[in-house]
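Scroll down for the structure; my scribbles are underneath it.
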Amino acid sequence: MPESTGEPEPTEARLESSSSEESDRAGNRSVSEEDELAAQASASGDTATEAPDWWTAQPASDWAQSAQSASDTEPGITKETATADVYFCGHTSLLSLNRALQAIAKEKLTGALRAFWDRESIEVLAQDGEIVFATTRDPDLYCPDAPAVLANVDAEIVANARARQSETGTPFFLTLARQESIARQPAVELVQHYGQRLFLQLWTAPRVWIMFQKNAELLSDAGDVPTANVDDWALESLRLVQSLDQSPSFEPTSIPAYTRDGYDRIQKLKLTSDEAQFASQFNGTRSAQQIAKNLRLDLKSAHLMLFRFLALEIVECWPASTATKPESKSVFQRLKESIGRGGR
């Protein structure tokens, strides 16, 4: 079984309620990419009256042309893959992992989210808007260690299962379970754990090309695996991130504020007690450093916690200079203070 990540057992989030004014203020400051795209379209003479969701299905020929162009420049993208049922595609510098996952959930997509980077490509299978598992055809990238559950399994049987993964992408734990070499329940848990551990590398990778291939046949060898909610699956993956050396620099004085839909989304997540306490501190005025101090956390732990919410685009960080200024004092308060100073 995979080792514990050291996190408390997940519990339903019970956040301290912020005032509606604070939530509205944070939401109003957040400018979505959809609004920016709509403004650009208007400026160029586009007659559309409403900005479409970025994942709205486009003509197949347009996606094929975009994907085909990527296959010519991105290593590891075959021409067959690039032109087969592509629903959306782009670099993570423009199309974040979270937005891709949210599109899968909102559109209830079935197929595979493929990620191409400087190592073997990673595939995330989805069914009806939920995650099945993440996998790759490189078994060493997928599982470089030897879980205890394999201790009593013949080495040759394990090697054959790993070779099958190299050919088909099917996680070798599933192959071993179907051969009754290991118990099914531990196998399913390992598939989820190692899939999330595989996917976590993409959260901090500097350049990833992603595309979603909408095709139910891609799940032909995964019909017996239970699915998971997109946000909860992604959060479990982010909990496994232990180092942020390659992530953008962390400014302790920056101020986390909820995105337009972040506050609503976080209510539905299965947060740990530590995550719920951390999230309850977001009010649009407290800095990350102040939150860490309030909760008696070191800055590294606070950075890791904040990174999870940033990656899920539940919050965004603002410079300290954009913090809400204190409300101006009334005439009576100023007069009282001036009298107090004059009496010294």
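Could you give the length gained on full extension between Ala155 and Asp261, defined as 0.36 nm per residue of separation minus the Cα-Cα distance, in nm? Please list the in-between numbers first.
On the way: separation 106, 0.36 × 106 = 38.16 nm, distance 4.93 nm.
That works out to 33.2 nm of additional length.
For the range 110-142, list residues with backbone N below 13 Å from a point placed 7 Å from the Cα of Ala216 toward its Cβ?
110-111, 127-129
Using the C-alpha atoms of the range 130-214, what convex hull volume per residue, in cubic angstrom, is computed? Could you put the intermediate results ahead of the total?
Values: hull volume 9.5 nm³, N = 85.
Spelled out: Cα convex hull of the range 130-214, divided by residues, is 112 Å³.
Calculated FRET efficiency, Asp224 and Ser321, Cβ-Cβ r, R0 45 Å, to nearest 0.05?
On the way: r = 54 Å, r/R0 = 1.20.
Given R0 = 45 Å and the Cβ-Cβ separation, E is 0.25.
If I model a spin label at Lys108 and Glu167 as a point 7 Å from the Cα along the Cα→Cβ vector, what separation in nanometres do I get?
3.7
Among Lys108/Lys270; Lys270/Lys293; Lys108/Lys300; Lys214/Lys270; Lys214/Lys268, which pairs are too far apart, with a Cα-Cα distance over 31 Å?
Lys108/Lys300
Read-outs: derived from the displayed coordinates by stated rules, not from any lab. Not measured: the values here are computed from a predicted model. Positions of Cβ are generated from backbone atoms using ideal geometry, with glycine treated the same way; all protein chains shown enter the neighbour counts.
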